[in-house]
Amino acid sequence: MGRPTIADIAERVGVSKGAVSFALNGRPGVAEATRARILQVAKEMNWRPHSAARALGGARAEAVGLVIARPASTLGVEPFFAQLLSGLQAGLSAQSVAMHLLIVEDVEAEMEIYRDWASAHRVDGFIVVDLKVSDPRIEVLEELGVPTVVLGGPGRHGSLSSVWADDREAMLSVVEYLAALGHRHLAHVAGLPAFRHTQRRMRALRDSARRLELAEAVSLATDFSDSEGAAATRTLLSRARRPTAIIYDSDVMALAGLGVAGEMGVRVPDELSIVAFDDSVLTRIAHPAITALSRDTFALGGQVAEAMLALIAAPQARRDLRTATPRLVVRRSTAAPGAWQE
């Protein structure tokens, strides 16, 4: 049997389709006993309102869409996304709004989902992550006219609302700290170069190198996975003049880098300092505990949810919310470079 319809309920109860419609939508014109019978049959038949029909009636879908174009294998081990999703869901569910999450292979598939969900009125709004350089999703979402909040910035989101933290400022705080310790040979195990936040971090490192007169400041791009983080670390530590400090774009890669350092006999922090761009239980329980840029990612998810709900309620009121810059938490993985490295 297919999806039950209003006609199916009307036939079961023995009333008109109009009476069923009135009862299901809480409108007057139906005797209370009949209304109760219709609602009971609808429950027994597991009837649910069709999203397209709801759209024609101006009703909300009571759901928000989040589509992520990343390998599911890398997302599954990232504490950042787990905390972000938890915060998002908590903020949305407090208003009885669901979150539809879908992981796809690439940006083209992601944009197709936006078109499909918008035309079927599956969601009332979209949350966009992993903002890209010259991001084609911005134009598509503007054309669809569905309320959208971009996590990432600052600026250049067209007419879309955004919630963001300053990745450049955060990276500068790390480089300045390492330079103050005496490090002059720095490396950055970065994420995907197509991401705007990756580019901002890489540029911040290059700019700092000139200003702080560093001898070396190199970035190696990865896919955020532990395997590529480990491979990049092996490459860096195999050089004749290896870096005295490495900054990793995620806690997972920092932990992988710590493991490689141990495997290669490079002592942390005596011979190598390690900093993670994300903080989590992984950085705290590592030995030594890893210095990291920390923020309340669960609360960040809640802020995005709040911005999304406010935008759905008032679609014309564009929002641009800057959140707190991640703060550096110093742990035992960083120290001044040893005398042999001078």
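Each of Glu169 and Arg122 was given a label point 7 Å from its Cα along the Cα-to-Cβ line. The distance between the two points is 3.7 nm.
Helix 32-44 and the longest principal axis of the Cα set of the chain meet at an angle near 50°. Where in region 171-200 is the amide nitrogen less than 16 Å from a point lying 7 Å along the Cα-to-Cβ axis of Ser134? 193-196, 199, by backbone N distance to the label point. Of Arg37, Arg241, Arg122, the residue with the greatest mean-square motion in the GNM of the chain, using alpha carbon springs below 10 Å, is Arg37. Note that region 196-246 presents 45 Å² accessible area per residue, ligands and nucleic acids not counted, probe 1.4 Å. Look at the dipole of region 160-219 built from charges on Cβ: of Phe195, Ala179, Leu212, the Cα furthest out on the positive end belongs to Phe195.
Please quote Rg/Rh for the chain to two decimal places, taking the Kirkwood radius as Rh and restricting both calculations to Cα atoms. Across the chain, the Cα-based Rg/Rh ratio is 1.13. FRET efficiency for the Arg115 to Ala72 pair, using the beta carbon distance and R₀ = 22 Å, is estimated at 0.50.
When both bridge partners sit in the chain, DSSP labels roughly 10% of those beta bridges antiparallel. Just going by the charge dipole of the chain, with Lys and Arg at +1 and Asp and Glu at -1 on Cβ, which of Gly265, Ile103, Pro337 is farthest out on the positive end? Ranked along the dipole, the leading option is Ile103.
About the Cα centre of the chain, what is the dipole size in debye to 20, counting +1 per Lys and Arg Cβ and -1 per Asp and Glu Cβ, all else neutral?
Using Cβ point charges on Lys, Arg, Asp and Glu, the chain gives about 580 debye.
Annotation: peptides 167-173, 14-20, ranked by per-residue average of other Cβ atoms within 10 Å with the highest first, follow the order 167-173, 14-20. Helices in the chain, meaning DSSP H runs of at least 4 residues, each add -39500 (n - 2.57). Divided by all residues, the mean residue ellipticity at 222 nm is -13500 deg cm²/dmol.
The modelled label-to-label distance between Ala194 and Arg332, using points 7 Å beyond Cα along the C-beta direction, is 4.1 nm. For the pair Ser86 and Ile285, what calculated FRET efficiency results from E = 1/(1 + (r/R0)^6), where r is the Cβ-Cβ distance and R0 = 30 Å, to the nearest 0.05? Calculated value: 0.95. Computed from the Cβ-Cβ distance with R0 of 35 Å, the FRET efficiency linking Glu44 to Glu105 stands at 0.30.
The values are calculated or read from the model by the stated rules, or taken from the named source; none is laboratory data. Just so we're clear, the structure is a prediction, and the values are computed from it rather than from any experiment. A quick note on method: Cβ atoms are made from the backbone with ideal geometry, for glycine too, and the neighbour counts reach across all protein chains shown. Note: areas computed on protein heavy atoms with side chains; ligands, DNA, RNA excluded. Shrake-Rupley method; radii C 1.70, N 1.55, O 1.52, S 1.80 Å.
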